[in-house]
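Contents: one structure, followed by commentary.
The values are calculated or read from the model by the stated rules, or taken from the named source; none is laboratory data. This is a predicted model, so every value here is computed, not measured. Just so you know, the surface numbers come from the protein's heavy atoms only, side chains and all, with ligands and any DNA or RNA stripped out. Shrake-Rupley method; radii C 1.70, N 1.55, O 1.52, S 1.80 Å.
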Amino acid sequence: MKLSARNQIAGRIVELHRGATTAHVRIDIGNGVIVTSSITNEACDDLALAVGDQVTAVIKASDVMVGK
């Protein structure tokens, strides 16, 4: 599948925590960096996500905040 989003980062799911409606997916993208995504439980089920799966984190945002 092709996407218009340019920020696509490959990684491996290292933790998956399901809440009442939302799943938090922690993805190891290498060099000790973890990206966390919050998705619906329904999306998690549709994708059949599991710890150890190779996935792609797709980041599409209109704003990027920087703090110091």
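The number of residues in segment 40-55 that are part of a strand (DSSP E or B) and open to solvent by 40 Å² or more (accessible area, probe 1.4 Å) comes to 2. The set of residues in segment 33-55 being under 17 Å from Gln8 (Cα atoms), among the polar types (S, T, N, Q) and at pLDDT 95 or above consists of Gln54 alone.
Could you list all residues from segment 11-32 that are at pLDDT 95 or above and open to solvent by less than 80 Å² (accessible area, probe 1.4 Å)? Answer for segment 11-32, where residues must be at pLDDT 95 or above and open to solvent by less than 80 Å² (accessible area, probe 1.4 Å): Gly11, Ile13, Val14, Leu16, Gly19, Thr22, Ala23, Val25, Ile27, Asp28, Ile29, Gly30. The residues in segment 56-68 that are part of a strand (DSSP E or B) and either open to solvent by 60 Å² or more (accessible area, probe 1.4 Å) or not aliphatic (A, V, I, L, M) (or both) can be counted, and the count is 3.
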